Amino acid sequence: MSVFSYKLNEKRVAIVTIDVPGEKMNTLRDSFADDLSAILKQGRDDNIFGMVFISGKSDNFIAGADIKMLDSAKTREDALAISELCHQAFFTLKKQPYPTVAAIHGAALGGGLEFALACDYRVCTDSDITKLGLPEVQLGLLPGGGGTQRLPKLVGIQKALEWMLTGKQVRAKQAKKTGLVHDCVPLSILERVACELATKGKPKATKPRLDRISQLLESNPFGRNIIFKKAEENVLKKTGGHYPAPLNIIKAVRASIELDELKAYKTEAEGFADLVMTDVSKSLRGIFFATTEMKKEYKNDDVAAVERTAVLGGGLMGAGIAHVSAVKAGALVRIKDVAHQGVSNAMNYSYKILSKRQKRRIMSKAELQQTMNRITGTTDYSGFKHVDMVIEAVFEDLKLKQSMVADVEQNCQDDTIFASNTSSLPIAQIAEQAKRPENVIGLHYFSPVEKMPLVEIIPHEGTSEQTIARTVNFARKQGKTPIVVKDKAGFYVNRILAPYVNEAANLLLAGEPIEKIDQALVEFGFPVGPLALLDEVGIDIGSKIAPILEKELGERFKAPNAFDRMIDAKRLGRKTGRGFYTYEKKGKKVDESVYELLGITASPRLNKQEIASRCVAQMLNEAARCLDEGIIASPRDGDIGAIFGIGFPPFLGGPFSYMDKRGASKVCSELSTYASDNPVFTPAPCLMAMAEKGATFYGERKVELSEVVTEQESDTEQVQTS
């Protein structure tokens, strides 16, 4: 069945509706080329004046290529054929004797925008949901359907590079301003305006709309060389050389300017084929599929929606939670703090973020005010009577959180959910004095809330299925990717983070320099090093979590005494201006006085690779334990949690994918070597069992968890017997 339906209007303009049967989104498939060829031929046979392509979907034009198609490419030649097929199809579209128009409403991304670029005209709606872009870099790819060739000729080299290297999605007004589209109109007249364009004949070639400086740079070889060289430097600085796609994009764009058309398109196709086969792209595509699958889980449209929320605590975390609840989820939000200043600070937090959006013309002043009107504040429980969910975001104190549960039960409805943003306390302990424990759940955000995509949802044994479903639904409305984890101290993300940070501190105490430790992990692929991360979170926050983890999980979570000395000296990190680094307007730098405070003489002993290996080994070992104990439901959840929660390098696919690539035996061998000096590195029994069997977390040779547990029990029995 064709994805295209063809209709000829009274002005002899063919209106072609794109509608992939049975799918919510239009995506490009292998069969697209043949269907397109047939439609274009029909237009020629009918001697039409023009052809308009419009979507049959209510909220997207073409959302991109079907990524599953790439997994069918077993060889580089298979991947090359996909790009060449797209090139041929879009060349055919471009060379029709009649004008073609892309009428865009909703997403036109990746291959969808490349399809539109091959049309003679583009017109889009002024709707907020209309976004255009080439985000292939986020999957470790480059646009393989001519995007690197056509986009620079429309918007200029610098703008095209900026959009493709970041995967930026451009809004309708900006698309018109830059010349990406010819017009931007209300949805009600989209088809009419597109039909009018279709009768105007083929458009004349135009130059990109550039300012004088850009025009000067892009109009000569010397200036273009500066642009490409600077782009390469920026890419290497930001990616550390871990991601090959950006450099391939630069190469293809350069080819579009410097080579003849045939060679330039060949450069793009070959770059695309090379990238499809890389482990980096496979890892990034795996993340995409995993997050797509997760959106279908715990989904229950029959439960009541969360429309009114309250946030307890006006600190940075509470302010961030209030912001995403009001802005992303569109909920009414009531902020409660013990002081009016706390409420004011929290509301100002949202106002500052929205003001930046207004200045960039992403939202109007009226929209800003309308959004702010959804946020109110109080120092008591007034206005809580009809709240659907109360999210607690205060410091880690069990008695305080239990008292808040009691207050909410007294001041809210019988079915109001109490969601705790605790980062380490077991939810069962918070709920143990509750009258309605079925309403109590953990909802753990990461800072800064408006930027970090993950939330951990933690039901205790008494949490109702309805509470879980409502919480998951609300988290998704907030724009978050939720993972449901087991109720045990530290949950998943903080549990794998704590030993990683502890090892970094131990290395510091052994004489390794602060900047060397952090740089080692940045070079490994983390966005920031562990000591810099601790400064950002707050050293006092980490110190409150550590004793909880040690009490519940054992000696291996004991934090180094160095943290206590830092707290006593009021060096809590960025918020006090001093931690492991000092923070000034000019930026941050290592505070050398830390060494004296901790009684350390900086004496580098290990190389950066060894430093990274020791810290990451702790994280991998604890991740394996979490899966074994059922803290996370699957390796997939563990990978997404680590990537979205603490910035585990996406190009490695997450801790479980990384362990699979290395092999359980190699991971165990490395841990055993370190364990000879420090028993906290002792490999988890489940990892040892996997190493013995040659098993992986993913794939056909995977050992079932129950099988591993059985082996562990058997091993334990043998040890006890001996």
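Laboratory data are not the source of any read-out in this text; all were calculated from the coordinates shown. Quick caveat, the model's predicted, so the values are computed rather than measured. Here Cβ is always computed from backbone atoms with ideal geometry, including for glycine, and neighbour counts include all displayed protein chains.
Odds and ends about this structure:
- Cα gyration tensor category, rounded, prolate or oblate, for the chain with a/c compared to 1.5: prolate
- Placing R0 at 25 angstrom, the Cβ-Cβ distance between K168 and K359 gives a FRET efficiency of 0.90 after rounding to 0.05.
- Percent antiparallel among DSSP beta bridges (both partners in the chain, rounded to 5): 30 percent
- Calculated [θ] (222 nm, deg cm²/dmol) that DSSP helices of n ≥ 4 give over the chain, each run adding -39,500 (n - 2.57): -15500 deg cm²/dmol
- Beta bridges by DSSP in region 106-191, antiparallel share as percent, to the nearest 5: 35 percent
- Structural descriptor for region 277-380: relative contact order 26 percent, calculated from alpha carbon pairs under 8 angstrom and at least 6 residues apart.
- Computed on region 308-484, with alpha-carbon pairs under 8 angstrom and 6+ residues apart, the relative contact order is 21 percent.
- Estimated Rh, region 308-484: Kirkwood, alpha-carbon pairs, angstrom: 16.0 Å
- Unit charges at the beta carbon, dipole of the chain: most positive-side option, S256, V280, Q215: Q215
- The packing ranking of peptides 582-595, 472-485, highest mean first, is 472-485, 582-595, where packing means the average number of other beta carbon atoms within 10 angstrom of each residue.
- By average C-beta atoms within 10 angstrom, highest first, the peptides 209-218, 14-23, 244-253: 244-253, 14-23, 209-218
- Each peptide in 148-155, 166-173 gets a packing score, the mean of other Cβ atoms within 10 Å over its residues, and the list from highest to lowest is 148-155, 166-173.
- Length released on extending from F395 to N225, taking residue separation times 0.36 nm less the Cα-Cα span: 55.9 nm
- Pair N348, D301: separation of 7 Å Cα→Cβ label points (nm): 4.4 nm
- Prolate/oblate/rounded label for region 607-700 (Cα gyration tensor, a/c 1.5): oblate
- What you get for the chain, charging only the Cβ of Lys and Arg (+1) and of Asp and Glu (-1), is a dipole of about 3780 debye around the Cα centre.
- Cα gyration tensor category, rounded, prolate or oblate, for region 493-721 with a/c compared to 1.5: prolate
- Nearest-ten-degree value, helix 664-675 long axis tilted from longest Cα axis of the chain: 40 degrees
- Using a Förster distance of 41 Å, the FRET efficiency for L8-R76 (Cβ separation, nearest 0.05): 0.45
- A straight chain from E432 to S613 at 0.36 nm per residue would run longer than the Cα-Cα distance by 61.1 nm.
- Gain upon complete extension [S603, A569; 0.36 nm per residue less C-alpha separation]: 9.9 nm
- Other residues lying with their Cβ under 15 Å from the Cβ of M347 contribute a combined charge of +2, Lys and Arg counting +1, Asp and Glu -1.
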